[in-house]
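Shown next, in structure tokens, is the structure this report addresses.
The values are calculated or read from the model by the stated rules, or taken from the named source; none is laboratory data. Only a predicted model underlies this, so the values are computations on that prediction, with no experimental measurement involved. Cβ atoms come from the backbone with ideal geometry, glycine included; neighbour counts cover every protein chain shown.
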Amino acid sequence: MNTMRYKNYIAKIEYDDIDKIFVGHIVGVKESGGFHGANVEALEEAFHEAVEHYLEVCRKLKTSPKKSYSGRLMLRLTPERHAAIATSAEAHGKSINQWVSDLLGREAYV
């Protein structure tokens with residue numbers, strides 16, 4: 001999977017082999033719909049236009065645009081998994097938060 005970034009928004013890009021175009025969707029903003037382009041330059045321009053259009057619609061409707069994530073992540077775990085994570089974090093000399101953050105950071109796509 002490929003991504004693009006613009007004004008703190010990320011777009012997920014896929015290739016449509018039927019229509020022979022690149023198709024993008026702004027991650028976390030369902031209201032924006034999709035955008036497309038026949039080449040990278042056209043796709044990038046369409047992405048920028050989609051973000052700007054989304055922001056303009058939010059201004060006109062006096063609604064807050066979706067923001068970047070807060071940095072807080074809540075998880076529900078079994079007590080056994082929680083204990084295993086706590087043990088691993090301690091073995092690495094880290095808090096659970098830092099150990100999990102480092103692990104997820106290595107695995108995250110973006």
The range 59-86, residues that are more than 16 Å from residue 8 (Cα to Cα) and surrounded by 12 or more Cβ atoms within 10 Å (Cβ to Cβ): 82, 84, 85, 86
Count of residues meeting criterion [within 20 Å of residue 27 (Cα to Cα) and either in contact (Cβ under 8 Å) with a residue 12 or more places away in the chain or charged (D, E, K, R) (or both)] in the range 74-103: 0
Positions within the range 1-46 being more than 26 Å from residue 59 (Cβ to Cβ) and either of a type in the set (Phe, Trp, Tyr) or touching a residue at least 40 places away in the same chain (Cβ under 8 Å) (or both), in sequence order: 1, 15, 22
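Rundown of residues vs (1) of a type outside the set (Asp, Glu); (2) touching a helix residue (DSSP H, G or I) at 6+ places or on another chain (Cβ under 9 Å); (3) at pLDDT 95 or above, yes/no style:
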residue: 54; (1), (2), (3): yes, yes, no
residue: 66; (1), (2), (3): yes, yes, no
residue: 76; (1), (2), (3): yes, no, no
residue: 92; (1), (2), (3): yes, yes, no
residue: 98; (1), (2), (3): yes, yes, no
residue: 102; (1), (2), (3): no, no, no
residue: 105; (1), (2), (3): yes, no, no
residue: 109; (1), (2), (3): yes, no, no
Residues of the range 1-41 satisfying the condition of being over 17 Å from residue 51 (Cβ atoms) and out of contact with any strand residue (DSSP E or B) (no Cβ under 7 Å at 6 or more places or on another chain): 17, 18, 19, 20, 39
Any chance residue 91 is surrounded by 12 or more Cβ atoms within 10 Å (Cβ to Cβ) and among the hydrophobic types (A, V, I, L, M, F, W, C): no
Residue within the range 78-97 that is within 21 Å of the chain's Cα centre (by Cα) and not aliphatic (A, V, I, L, M) present: yes
Residue tally, condition surrounded by 10 or more Cβ atoms within 10 Å (Cβ to Cβ) and either of a type in the set (D, E, K, R) or at positive phi (or both), over the range 34-58: 5
Flag for residue 31 being acidic (Asp, Glu), at pLDDT 95 or above and either outside any strand (DSSP E or B) or under 14 Å from residue 67 (Cα atoms) (or both): no
Within the range 61-102, tally of residues that are in a helix (DSSP H, G or I) and more than 30 Å from residue 7 (Cβ to Cβ): 15
Residue check for residue 2: surrounded by 13 or more Cβ atoms within 10 Å (Cβ to Cβ), among the polar types (S, T, N, Q) and either closer than 26 Å to residue 108 by Cβ or modelled with pLDDT of 95 or more (or both): yes
Test for residue 44: is it of a type in the set (Asp, Glu), closer than 26 Å to residue 108 by Cβ and not in a helix (DSSP H, G or I): no
